[in-house]
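Engineer: Below are the structure tokens for one structure; questions will follow.
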Amino acid sequence: MSTTTNTKYLIIGNSAGGIGAAEAIREVDGVGKITIISDEPYPAYSRPLISEYLAQPCPLEKMLYRKPDFYKANGIQSVPGEKAVAINPAEHTVKLESGGFIKWRKLLLATGGTPIVPTMEGIDLKGVFTFNRLDDAKAIDTFLNEYRSNVKAVVIGGGLIGVSVTEALVKWGVEVTIVEMKDYVLNTILDEEAAALEADALEQASVGIITGRTVAKINSQTAGEVGSVTLDDGRTLPADMVIIAIGVKPRLDLVAGTKIKTNRGIVVDRTMAASLPDIYVCGDAAEAYDFVMGENRPTPVWPNAYEGGCAAGLNMAGKKTEYTGGTSMNALKYFGLNIVSAGLVNPPDDGYKTIVNRHNGTYRKVILKKGKLAGFAFAGDIEKSGIIYNLMKDGVNVDSFKQQLVADDFGLASLPESAWRSKLAKPSASAVPITTAEPKEEAVIGD
Amino acid sequence: MKKVYVNENVCMGCRLCEVYCLLKHAHTKDLIKAYKKESPRALPRVRVDESGIVSLSVRCEHCVDAPCVKACLTGALSRDPVTGLVTVDEERCIGCGTCALVCPLGVPKLDKAQKKMVKCDLCQDEEIPVCVANCPNEALVYMEEKPDTNPVVNYVNNN
């Protein structure tokens, strides 16, 4: 006999998108019942912190995305460790793995992405891991604690996940080789020159990088355990462990078999609504609006998940709101090097103009199309990059000051007066000055 | 909420706001020691941007709809619903720089030694922030706006 519980809002997924939606719903609807279910047995934690966790395991409390009393304080029914197995859009129900059903009025799919794991010989051996969830970090931690010293690891994929797990493994003293299929590491989020700065930092930490190759199979010397990998050029690398970090794809399993439209991700409109009524999607599962590309596509990064979740939540609670859109955007700090990038990293055709400034390990590059920003990458000194990001997001024509964007002394004052004035707050007519009771002393240096 | 406003017409870019902010956040309260002895040197939370005759003293404006809070990967940044102050919990900050990437004023600073971001806290233990108190030209003014209107309304209007 299965039970059915009722909720006004059901959120599947307890990470950035789900929390963003719950917070937004509570801004509008203080009482409607919110239920969050997640197949992970934890309160919402900061997923990007799993590499910090692997480098130095810490209690979960230090990884929480919100204060420990978040669910209680917001009147949210949280059911961690409960997996949704099927959606019935017509009946407005979700079937749970534990056997029961939840009946909802508004549903949010914040189910995230799932690691891409290629089919290859040896993929099921002990010592093969993915790196997307806290449990992955825990499994690697357990493995390393059991294992002998002088561990060698092969990381398949030199993207953000690959580099982040590499940093944690290096802190363990693991000898890491990254195998990247494309020409250079971090190729989806950086141009070749910025990526070369990160590659230098990796190599200084004694990380091996093999590009233009992939792993063809994983071999075993001791039965059932990883012993080496064979590359597609026939080379063999000794390995005690293999991390699959090829990438993440939107999770579509829950919508398979329904009439909810999918493409690469689940298709949503600008209100984050899916193609069937009362169902919303955000985060890595969705294919939401990208303001640089001017079209919908997956941009699986944490801030977009949260923002998209906020927009979804407001709409679910009845406040019609357009998602302003996100774009591919990343801030990296691996091996002591700060890099940020957003939008396009490489111009797709010659309709774009690129301006670069490089010296002393700092790198600034902007990509323009018809006078507007379409992408940028800063390395070494990333402060003030937010000014560039917002000029891009606001669609400001930067043609008259484009050279300034990459200048060492770039700042707010580099913008035309109208642009910087619009960014600085002005006191309203009713604002009251706050002064000290005592007369102001003359400022003297060396006081 | 209380805020620092810039009257750029009388800011001549002397950078005393930066100097006093650095001193405020240094271990020592001695200017010379703060600059000459402390290593690494404390970071000012305010910055003067200059171009030609324009100089602007820029710091966190504690936005109502703060992009840094929304983008923060760890939840270290939050906005106090009562005071309106945007603060960083240094325990939870990992210095990733995502806040710097989304801030319209580009004000988050990265403390590379501590691997944390630092930002303006409006000098909570002072009557008025030291940048304002020590501005020789009164180019910086500290003012109190009427309590924020309902953040829900602001959020919706801004989106």
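The numbers here are math on the coordinates, done by the rules we state, and not lab data. Since we're looking at a predicted model, the values are computed, not measured. Please note: Cβ atoms are built from the backbone with ideal geometry, for glycine as well, and neighbour counts cover all protein chains shown.
Engineer: Once you sort the root eigenvalues of the Cα gyration tensor of chain A as a ≥ b ≥ c, which label holds: rounded (a/c under 1.5), prolate (a/b larger than b/c) or oblate (the other case)? Let's see the in-between values first.
Structural biologist: Working: a/c = 1.61, a/b = 1.07, b/c = 1.50.
Oblate, since a/c reaches 1.5 and b/c is not below a/b.
Engineer: Another question, if that's okay. At 222 nm, what value in deg cm²/dmol follows for chain A if DSSP H runs of at least 4 each add -39500 (n - 2.57) and the sum is divided by all its residues, to the nearest 500?
Structural biologist: Roughly -6000 deg cm²/dmol at 222 nm, from the helical runs in chain A.
Engineer: Also: Checking the a/c ratio against 1.5 first, then a/b against b/c, what shape does the Cα gyration tensor give for the stretch A:338-423?
Structural biologist: On the way: a/c = 1.64, a/b = 1.08, b/c = 1.51.
Oblate is the answer for the stretch A:338-423, as a/c is 1.5 or above yet b/c matches or exceeds a/b.
Engineer: Suppose a student asked you for the relative contact order of the stretch B:60-119, using Cα pairs under 8 Å spaced at least 6 residues apart; what percent would you report? Walk me through the intermediate numbers first.
Structural biologist: On the way: 94 pairs, mean separation 18.8, N = 60.
That works out to 31 percent.
Engineer: While we're looking at this one, here's another question. Counting only other chains, and only Cβ atoms inside 10 Å, what mean value do you get across the residues of B:47-59? Please list the in-between numbers first.
Structural biologist: Working: counts 4, 3, 10, 5, 12, 2, 1, 7, 2, 8, 1, 8, 0.
The per-residue average across the peptide is 5.
Engineer: Only Cα pairs under 8 Å and at least 6 apart count here; give the relative contact order of the stretch A:190-259 as a rounded whole percent.
Structural biologist: Numbers: 55 pairs, mean separation 11.4, N = 70.
So the answer I get is 16 percent.
Engineer: Which pairs break 21 Å Cα to Cα here: B:Lys116/B:Lys146; A:Lys33/A:Lys261; A:Lys33/A:Lys106; A:Lys384/B:Lys112; A:Lys72/A:Lys320; A:Lys333/B:Lys115? Walk me through the numbers before you get to the answer.
Structural biologist: Working: B:Lys116/B:Lys146 32 Å; A:Lys33/A:Lys261 27 Å; A:Lys33/A:Lys106 11 Å; A:Lys384/B:Lys112 15 Å; A:Lys72/A:Lys320 27 Å; A:Lys333/B:Lys115 9 Å.
The answer is B:Lys116/B:Lys146; A:Lys33/A:Lys261; A:Lys72/A:Lys320.
Engineer: Please find, in a Gaussian network model of chain A (springs between Cα atoms separated by less than 10 Å), the residue of A:Glu198, A:Glu97, A:Glu167 whose mean-square fluctuation is greatest.
Structural biologist: Looking only at A:Glu198, A:Glu97, A:Glu167, the largest GNM fluctuation is found for A:Glu97.
Engineer: Now a separate question. Which percent, to the nearest 5, of DSSP beta bridges fully inside the protein assembly as shown are antiparallel?
Structural biologist: On the way: 65 of 105 bridges.
Of the beta bridges lying entirely in the protein assembly as shown, close to 60 percent run antiparallel.
Engineer: Could you grab the relative contact order for chain A? Cα pairs under 8 Å, six or more apart, rounded to a whole percent. Intermediate results must be reported in sequence, preceding the final value.
Structural biologist: On the way: 940 pairs, mean separation 64.7, N = 447.
RCO, chain A: 14 percent.
Engineer: While we're on this one: Label the stretch A:65-186 by shape, choosing from rounded, prolate and oblate, from the square roots a ≥ b ≥ c of the eigenvalues of the Cα gyration tensor; if a/c is under 1.5 it is rounded, and otherwise prolate applies when a/b is larger than b/c, oblate when it is not. The partial results should precede the final answer.
Structural biologist: Details: a/c = 2.38, a/b = 1.95, b/c = 1.22.
Prolate shape, in that a/c is at least 1.5 and a/b is the bigger ratio.
Engineer: Need one value for B:122-135: mean number of C-beta atoms belonging to other chains within 10 Å of its residues' C-beta atoms. Spell out each step's value before the answer.
Structural biologist: Working: counts 0, 0, 0, 0, 1, 5, 5, 1, 0, 0, 4, 5, 6, 2.
For this peptide, the per-residue mean of nearby foreign Cβ atoms is 2.
Engineer: Please identify every one of the trypsin sites (Lys or Arg not before Pro) in the stretch A:319-420 that sits in a loop by DSSP and has no more than 13 other beta carbons within 10 Å of its own beta carbon. Write down the numbers at each step before the final one.
Structural biologist: Numbers: sites: A:Lys319, A:Lys320, A:Lys333, A:Lys353, A:Arg358, A:Arg364, A:Lys365, A:Lys369, A:Lys370, A:Lys372, A:Lys384, A:Lys393, A:Lys402; in loops: A:Lys319, A:Lys320, A:Lys333, A:Lys370, A:Lys384.
Those satisfying the criteria are A:Lys320, A:Lys370.
Engineer: Over the whole of A:384-393, what's the average partner chain Cβ count within 10 Å per residue? Rounded to a whole number, please. Can you show the working numbers first?
Structural biologist: Working: counts 9, 7, 15, 8, 2, 8, 7, 1, 0, 3.
Rounded to a whole number, the mean comes out at 6.
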